[in-house]
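Report on one structure; see the data block that follows.
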Amino acid sequence: MNKQVLTVLGATGSIGLSTLDVVARHPERYEIFALSAHRQVEKLADLCRRFQPQHAVVAGPAEAVILRELLSDFPTLNIMHGPSALEQIAAAPEVTTVMAAIVGAAGLGSSLAAAQAGKRVLLANKEALVMAGDVFIAALRKSSGTLLPIDSEHNAVFQSLPAGFEYGLRQCGVRKVVLTASGGPFRKTPLDALQHVTPDQACAHPNWVMGRKISVDSATMMNKGLEVIEASWIFGVEADRIDVLIHPESVIHSMVQYEDGSVLAELGNPDMRTPIAHALAYPERIASGVASLDLVKIAALSFEAPDFSRFPCLQLAYDALRAGGSAPATLNAANEEAVAAFLDGGLRFDRIAGVVAEALEKIPVTPLSSLDDVLAADRAARAFVQERLSRKLLLSA
Ligand code: NAD
Ligand code: MG
């Protein structure tokens, strides 16, 4: 068996660590070529000792110096820094497979570099597709690269579709794609209590352990909104054919409804090592370390319709998808800025949706035909939100 040669972008994060956990179970299958982290240099040093990559990439020169000192006994490791180094380790000719697990727009350049270089792209970085879906999918087509979804919902949909779905879901007899959502920690919180939510409360997800940004997105349900847009790009399906269903147990990871009334789904314990192992080994199956699903113990699964007034971010994402062009990039950038401000104590939790809504309302939608267009839309939305935040123009900010 030829080994897959891997670059793990965002190795020190929640998805990065889960990926390395699966990789460590199968040393005969996978070899680590490069690892990246931003500022968590000590964590990255430990991972470099364990996985012996050829290259490591960190945020800037200061982090590179610290990593070099920490790994003075590992002189063969090439240490680099910055966005172009991330693109380099994503596109290097030796690499077969790239785990794209940097959080937010910061992951776009390297995810796209992997797509352009025709890699097997294991995509966790949903923000890249939300911002630049068209550019990303076109790059994959041109390079004959492969996209394997890591987001548990999209991985479940992928597993529930027949081979050849790329040629159109209608031809496959698909009526609807149904993304499940746990509803996050505030599904039942009284609406007037949401103004007092702290970052730690928002990051305490009932079922999944994740990075802080995606945890806040789950609490506002912007995460599901981003996933609706992500699904539209991965599966070539329009907004009207994507439904969201609240399923608090997170056992059904998503489903596909067919014209004949059949519904196919993927079920499992909520542990990201399952979709990661699926994508790593596809089309084979390998052990992931995840325990078998015990439905007797779980006993009951429940479902409800999403409440769009409790979760306005979900509606905003559908609106942005329908508006097209730069609207999803605006949504994503405004949300990243608003979430960062909330995590820093500079914005109330219940104002995040209002910030994003205002950006979508005030910034005109323009067509996106290149990466430069995407980056310009991203910058414009961030500047808009920053300006409002700095002038405290956001009500109750
Ligand atoms: P995390 O915050 O735990 O980790 C993020 C990683 O990216 C870290 O390694 C960090 O060092 C790196 N990073 C952060 N900012 C960076 C920057 N500016 N430049 C370069 N690197 C940077 O996040 P996570 O929960 O692992 O999520 C990663 C991605 O996967 C996100 O896009 C998220 O939406 C997606 N995702 C996560 C989960 C999950 O269960 N955690 C599930 C589905 C999708
Ligand atoms: Mg998800």
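When every alpha-carbon pair in the stretch 132-201 is counted, what percent end up more than 20 Å apart? Don't jump to the answer; show the numbers that get you there.
On the way: 1311 of 2415 pairs.
Distances greater than 20 Å cover 54 percent of the Cα pairs.
Can you pull the percent of Cα pairs in the stretch 172-265 with separation above 22 Å?
35 percent
So what does the Cα-only Debye profile of the chain read at q = 0.09, 0.13 Å⁻¹, as log10 I(q)/I(0), no solvent term?
For the requested q values the scattering log ratios are -0.52, -1.13.
Out of residues 5 or more away from residue 118 or on other chains, whose amide H comes under 5 Å of its own, with H placed 1.01 Å from N in the peptide plane?
Counting only residues 5 or more places away or on other chains, the set is 145.
Which of the pairs 43/142; 126/297; 188/362; 3/176; 3/43 have their Cα atoms more than 30 Å apart in this structure?
From 43/142; 126/297; 188/362; 3/176; 3/43, over 30 Å: 43/142; 126/297; 188/362; 3/176.
Among 326, 279, 235, which residue has its Cα positioned farthest towards the positive end of the charge dipole of the chain, with +1 placed on the Cβ of Lys and Arg, -1 on the Cβ of Asp and Glu, and the dipole taken about the Cα centre?
The listed residue farthest towards the positive side: 279.
Let's see if you can work this out: charge +1 on each Lys and Arg Cβ, -1 on each Asp and Glu Cβ, no other charges. What is the dipole magnitude of the chain about its Cα centre, in debye to the nearest 20? List each step's numbers first, then the result.
Details: 35 positive and 43 negative charges, 45 e Å.
Computed about the Cα centre, the dipole is about 220 debye.
Any idea how far the Cα center of the stretch 262-307 sits from the one of the stretch 319-393, in Å?
Going from one Cα centre to the other spans 33 Å.
Can you put 242, 66 in order of accessible area, largest first, using a 1.4 Å probe?
So the residues, ranked largest to smallest area, are 66, 242.
Over the chain, with every protein chain in place, what whole percent of the accessible area is carbon and sulfur at 1.4 Å, could you tell me?
Carbon and sulfur atoms account for 54 percent of the accessible area of the chain.
Give me P(r) over the stretch 1-133, computed from all C-alpha to C-alpha distances, binned every 5 Å, as integer percentages.
Calculated over all Cα pairs of the stretch 1-133, the distribution is 2, 12, 24, 25, 21, 12, 4, 1, 0 percent.
Can you give the charge dipole size of the stretch 81-156 about its Cα centre, rounded to the nearest 20 debye, using +1 on the beta carbon of Lys and Arg and -1 on the beta carbon of Asp and Glu?
The dipole magnitude comes to about 200 debye.
The values are calculated or read from the model by the stated rules, or taken from the named source; none is laboratory data. Worth saying up front: this structure is predicted, and the values here are computed from it rather than measured. Heads up, the Cβs are rebuilt from the backbone with ideal geometry, glycines too, and the neighbour counts pull from every protein chain shown. Ligands, DNA and RNA are stripped out before the accessible areas are found, and what is left, the full protein with its side chains, is counted by its heavy atoms. Shrake-Rupley method; radii C 1.70, N 1.55, O 1.52, S 1.80 Å.
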